[in-house]
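Notes to accompany the following structure.
The values are calculated or read from the model by the stated rules, or taken from the named source; none is laboratory data. Please read these numbers as outputs of a predicted model, since none were measured by experiment. In this analysis, Cβ positions are derived from the backbone assuming ideal geometry, glycine residues included, and neighbour counts consider all displayed protein chains.
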Ligand SMILES: Nc1ncnc2c1ncn2[C@@H]1O[C@H](COP(=O)(O)OP(=O)(O)OP(=O)(O)O)[C@@H](O)[C@H]1O
Ligand SMILES: [Mg+2]
């Protein structure tokens with residue numbers, strides 16, 4: 001079982017889109033996958049066609065109240081399940097702050113997830129206690145980053161937090177890589193940022209070969225509660241996420 005947290009301190013960088021479609025691609029490839037929504041915005045829950053307010057058991061009951069994982073999990077497709085979030089999870093950062101060992105709560109909540117091949121954690125656009133607790137629970141961090149300057153800065157700060165978590169709490173945490181998202185070919189800034197990530201100190205070997213292009217189908221699919229593979233299987237978005245998923249699995253096998 002491999003746990004991957006999708007993180008970037010910057011907002012709107014394609015974290016949830018990546019969590020959603022990576023989970024769907026793994027499930028289609030026959031891997032039993034659990035997608036976990038740890039963001040009180042509940043986007044991953046809604047993207048999956050689940051109404052957050054209707055789920056009595058959710059990230060609050062499982063992570064904060066330490067109730068069992070199983071009954072809170074919703075089957076959303078073949079090989080694919082979801083631990084939904086709830087808007088009241090907005091208190092989680094402060095609650096975990098006040099609890100002794102709060103950074104261990106996600107890890108404890110996922111102890112029962114052993115029969116999944118992959119667990120994909122979507123995190124909020126902050127580096128608060130919830131994101132730290134997700135990094136403590138995870139084997140790998142995946143950083144989505146649109147090819148723009150602000151998300152690049154968010155990626156740097158996220159990598160710094162990973163280093164702190166590795167020092168104190170989870171020495172085996174692996175940075176799987178940075179995936180460029182919302183890429184527009186022919187826009188000069190996009191190329192500049194890509195080149196920077198390829199060559200800058202601290203980023204060596206991190207950038208995935210696969211680039212996720214800007215694609216309207218990727219933005220539309222969630223409004224139908226569908227993954228890109230159900231909504232537009234032949235789209236650029238579907239092709240890019242299949243390629244990324246293959247590259248991720250390859251990196252994991254090669255120990256990156
Ligand atoms: N490759 C893409 N092409 C076009 N639109 C995209 C792409 N990736 C994401 N989007 C759209 O951009 C918006 C932000 O994406 P998403 O919600 O995945 O980001 P996020 O990092 O999870 O945001 P937040 O920080 O608020 O959680 C969404 O409306 C989404 O549909
Ligand atoms: Mg999100």
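Among the residues of the range 36-49, is there at least one that is at pLDDT 95 or above, assigned to a helix (DSSP H, G or I), more than 16 Å from ligand 1 (Cβ to nearest atom) and surrounded by fewer than 23 Cβ atoms within 10 Å (Cβ to Cβ)? There is no residue in the range 36-49 that is at pLDDT 95 or above, assigned to a helix (DSSP H, G or I), more than 16 Å from ligand 1 (Cβ to nearest atom) and surrounded by fewer than 23 Cβ atoms within 10 Å (Cβ to Cβ). Looking only at residues in the range 117-126 that are buried (at least 20 other Cβ atoms within 10 Å of the Cβ) and assigned to a loop (DSSP other than H, G, I, E, B), the one that is nearest to the chain's Cα centre (by Cα) is 123. Annotation for the range 199-212: at least one member residue is more than 16 Å from ligand 1 (Cβ to nearest atom), exposed (fewer than 14 other Cβ atoms within 10 Å of the Cβ), modelled with pLDDT under 95 and not in a loop (DSSP other than H, G, I, E, B).
Let's see how each residue does on (1) away from ligand 2 (no atom under 16 Å from the Cβ); (2) within 17 Å of the chain's Cα centre (by Cα):
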{"site": "17", "(1), (2)": "no, yes"}
{"site": "20", "(1), (2)": "no, yes"}
{"site": "26", "(1), (2)": "yes, yes"}
{"site": "38", "(1), (2)": "no, yes"}
{"site": "53", "(1), (2)": "yes, no"}
{"site": "97", "(1), (2)": "yes, no"}
{"site": "110", "(1), (2)": "yes, yes"}
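Taking the criterion of being under 24 Å from residue 216 (Cβ atoms), modelled with pLDDT of 95 or more and in a loop (DSSP other than H, G, I, E, B), the residues of the range 171-189 that qualify are 182, 184. On the given criteria, is residue 16 under 23 Å from residue 238 (Cα atoms) and either assigned to a helix (DSSP H, G or I) or without any contact (Cβ under 8 Å) to a residue 12 or more places away in the chain (or both)? Criteria met by residue 16.
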